[in-house]
Amino acid sequence: MAYEIPAPADTAGGAFERLVGIIDTLRVACPWDMKQTMESLRLLSIEELYELTDAILDKDYQEVKKELGDVMVHLVFYAKIATEEKQFTLVESLNAVCEKLISRHPHIYGDTQAETEEIVKSNWEQLKLKEGNRSVLSGVPKGLPALVKAYRIQDKVRGVGFDWEDKAEVWAKVEEELDEFKQEFNISEAEKIDMDKAEAEFGDLLFSLINYGRHLGINPENALERTNKKFIFRFNHLEKRAAEAGKQLKDMTLAEMDVYWNEAKKL
């Protein structure tokens with residue numbers, strides 16, 4: 001049976017309704033879509049989000065448009081499954097988030113004064129506590145990658161005033177943690193390195209560096225991913241040039257590889 005193809009819409013609301021209608025149809029007509037559960041979609045959703053963030057970092061707006069649509073498909077799909085299971089509807093979910101946004105922005109929809117971003121963030125965290133959150137940090141997902149989680153933890157506690165006042169103090173903390181980490185390896189040959197303690201000190205060092213970057217306005221996840229992409233580009237160039245010269249990387253010296261690496265740095 002061929003279903004009628006819904007026509008494109010020229011408004012955001014119309015386009016959203018078109019997507020909802022397509023998901024409704026796929027759910028009853030497509031063997032793959034019919035089998036999906038929230039659990040089976042979960043990892044696919046994570047993958048779609050990473051693809052979206054890759055496109056954002058690359059500033060590839062055509063790809064952002066595509067990946068944003070893919071993420072929306074998953075969001076509508078979850079709501080469809082929840083409706084089938086009589087848990088909640090898409091309308092209820094959308095209205096709930098609208099109510100939350102209104103209540104969290106009393107400086108827009110009320111008479112609260114908030115002239116700066118910092119005051120807005122502080123008010124946001126205080127409102128969440130009044131809504132029943134037991135801790136400022138309860139909103140940090142447990143499954144976040146450690147680097148992102150560290151940044152979010154620091155940003156959350158900053159919202160309630162738990163933060164360094166001067167970035168010079170933060171850098172002093174970085175130097176302190178670096179010295180403590182170095183001390184774990186500054187031992188005689190007769191002594192054995194306590195790797196558990198060294199790992200703990202390394203974690204403290206990373207946490208303090210993330211904190212310093214935050215004070216400078218640098219997102220550590222974005223910064224590290226930019227470096228990852230840069231390294232991949234340069235290493236791919238190294239592999240390509242070595243292959244063109246008929247060489248295997250495992251047979252080359254570091255000095256030989258550095259020639260191609262430095263070529264890549266100039267590109």
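The values are calculated or read from the model by the stated rules, or taken from the named source; none is laboratory data. Just so we're clear, the structure is a prediction, and the values are computed from it rather than from any experiment. With ideal geometry, Cβ positions are generated from the backbone for all residues, glycine too; neighbour counts draw on all protein chains shown.
Here segment 61-81 is the region considered, the condition is being of a type in the set (A, V, I, L, M) and without any contact (Cβ under 8 Å) to a residue 24 or more places away in the chain, and the residue that is nearest to Thr25 (Cα to Cα) is Ala79.
Could you run through segment 102-120 and say how many residues are loosely packed, with under 11 Cβ neighbours inside 10 Å and under 30 Å from Gln154 (Cβ atoms)? Steps first, answer last, please.
Pass one, segment 102-120, residues loosely packed, with under 11 Cβ neighbours inside 10 Å: 110-111, 113, 115-117.
Next cut, under 30 Å from Gln154 (Cβ atoms) only: 110, 113, 115-117.
Of the residues in that region, 5 qualify.
When the criteria are applied in full, Lys230 meets the requirement of being loosely packed, with under 13 Cβ neighbours inside 10 Å and either in a helix (DSSP H, G or I) or among the hydrophobic types (A, V, I, L, M, F, W, C) (or both). Against the criterion of being more than 18 Å from Ala82 (Cβ to Cβ), surrounded by 13 or more Cβ atoms within 10 Å (Cβ to Cβ), at pLDDT 95 or above and assigned by TED's automatic domain parsing to the domain that holds Met72, Arg18 qualifies. When Lys250 is tested against the conditions (1) over 30 Å from the mean Cα position of the chain (by Cα); (2) at pLDDT 90 or above, the lone failure is (2). Kindly indicate which of Glu165, Glu239, Glu191, Glu176 is in a helix (DSSP H, G or I), surrounded by fewer than 16 Cβ atoms within 10 Å (Cβ to Cβ) and at pLDDT below 95. Only one candidate passes the filter, namely Glu239.
Every condition in (1) among the aromatic types (Phe, Trp, Tyr); (2) farther than 30 Å from Lys229 by Cβ; (3) assigned by TED's automatic domain parsing to the domain that holds Lys80 holds for Tyr61 except the one numbered (2).
In this structure, does Leu94 turn out to be hydrophobic (A, V, I, L, M, F, W, C), modelled with pLDDT of 95 or more and assigned to a helix (DSSP H, G or I)?
Details: hydrophobic (A, V, I, L, M, F, W, C): yes; modelled with pLDDT of 95 or more: yes; assigned to a helix (DSSP H, G or I): yes.
Criteria met by Leu94.
Quick one: which of Thr37, Thr89 is without any contact (Cβ under 8 Å) to a residue 40 or more places away in the chain, among the polar types (S, T, N, Q), farther than 24 Å from Ala223 by Cα and exposed (fewer than 14 other Cβ atoms within 10 Å of the Cβ)? It would help to see each step written out before you state the result.
Numbers: Thr37 fails: without any contact (Cβ under 8 Å) to a residue 40 or more places away in the chain.
Thr89 is the lone residue from the list that is without any contact (Cβ under 8 Å) to a residue 40 or more places away in the chain, among the polar types (S, T, N, Q), farther than 24 Å from Ala223 by Cα and exposed (fewer than 14 other Cβ atoms within 10 Å of the Cβ).
Answer yes or no: is there a residue in segment 124-133 that is modelled with pLDDT of 85 or more and loosely packed, with under 14 Cβ neighbours inside 10 Å. Write out each step before concluding.
We begin by selecting, within segment 124-133, every residue modelled with pLDDT of 85 or more; these are none.
Among the residues of segment 124-133, not one is modelled with pLDDT of 85 or more and loosely packed, with under 14 Cβ neighbours inside 10 Å, which makes the answer no.
Residues of segment 21-34 that are hydrophobic (A, V, I, L, M, F, W, C) and either outside the structural domain of Asp70 (by TED's automatic domain parsing) or surrounded by 15 or more Cβ atoms within 10 Å (Cβ to Cβ) (or both): Ile22, Ile23, Leu26. For segment 20-49, the set of residues classified as in contact with a Pro (Cβ under 9 Å, 6 or more places away or on another chain) and within 25 Å of Glu63 (Cα to Cα) consists of Gly21, Ile22, listed by residue number. Across segment 134-143, the number of residues qualifying as loosely packed, with under 10 Cβ neighbours inside 10 Å and in a helix (DSSP H, G or I) comes to 0.
Is it true that Asp204 is of a type outside the set (Lys, Arg), under 28 Å from the mean Cα position of the chain (by Cα), at pLDDT 90 or above and under 24 Å from Thr116 (Cα atoms)? Before you say what the answer is, go through the steps one by one.
On the way: of a type outside the set (Lys, Arg): yes; under 28 Å from the mean Cα position of the chain (by Cα): yes; at pLDDT 90 or above: yes; under 24 Å from Thr116 (Cα atoms): no.
Criteria not met by Asp204.
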